[in-house]
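The next block holds one structure in the form of structure tokens; read it before the comments.
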Amino acid sequence: MGNTEHVTDLGEWVQADPRGAKPLFDQLRSQIIEGIRNGRLTPGTRLPTVRELASELSMAVNTVARAYRELESAGILETRGRFGTFVARTDPADAAMATAAHTYATAAKALGIAKGEALKYVEAAFG
């Protein structure tokens with residue numbers, strides 16, 4: 001079902017640069033998302049409390065709270081009351097991207113555009 005143990009190493013692999021181009025909460029948010037996508041944080045994994053992580057990373061409590069709040073709003077994390085904050089069971093990006101891909105493929109087919117050509121548009125959009 002997923003690891004419900006407390007993640008004790010989150011502070012060991014999250015790197016926040018106060019002089020970085022992105023705000024600290026956004027750096028933390030992005031790295032948690034990356035940890036989920038690369039399998040380091042599996043669905044159901046319990047994250048450290050806001051205060052614990054803030055202490056581990058030498059960040060303000062409000063900075064960590066904002067990252068958690070934004071991830072929860074996006075459906076990536078879920079808070080289960082006094083039990084803590086957990087990685088959500090499903091990645092909302094999967095469903096959203098599958099829907100977008102299906103819509104794009106349907107439009108390309110309707111226009112008579114082959115797969116290879118359609119993929120060039122996607123690559124160009126990414127720059």
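The values are calculated or read from the model by the stated rules, or taken from the named source; none is laboratory data. What you see is a predicted model; the values in this text were computed from it and never measured. Heads up, the Cβs are rebuilt from the backbone with ideal geometry, glycines too, and the neighbour counts pull from every protein chain shown. Surface accessibility is based on the protein's heavy atoms, side chains included, excluding ligands, DNA and RNA. Shrake-Rupley method; radii C 1.70, N 1.55, O 1.52, S 1.80 Å.
Within the accessible area of the chain, what % is carbon and sulfur when the probe is 1.4 Å and the other protein chains stay in place?
Its accessible area is 56 percent carbon and sulfur atoms.
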Can you give the convex hull volume of the alpha carbon atoms of the chain per residue, in Å³? 131 Å³
Globularity ratio of the stretch 80-127, using Cα Rg and 2.2 N^0.38 Å: 1.77
Heavy-atom accessible area per residue of the chain, all protein chains kept, 1.4 Å probe, expressed in Å², is 65 Å²
Calculate one ³J(HN,Hα) per residue across the stretch 112-127 by plugging θ = phi - 60° into the Karplus curve 6.51 cos²θ - 1.76 cosθ + 1.60, and present them in order as whole Hz with x for glycine and proline. x, 8, 6, 3, x, 5, 4, 5, 4, 5, 5, 4, 5, 5, 7, x
Square roots of five times the C-alpha gyration tensor eigenvalues of the stretch 24-74, ordered largest first and given in whole Å, equal 17, 12, 10
So what's the stretch 50-100 giving for Rg/Rh, alpha carbon basis, Kirkwood Rh from the mean inverse pair distance? 1.08
For a quick protection proxy, order the peptides 35-42, 99-106, 68-75 by their average other-Cβ count within 10 Å, most packed first. 68-75, 35-42, 99-106
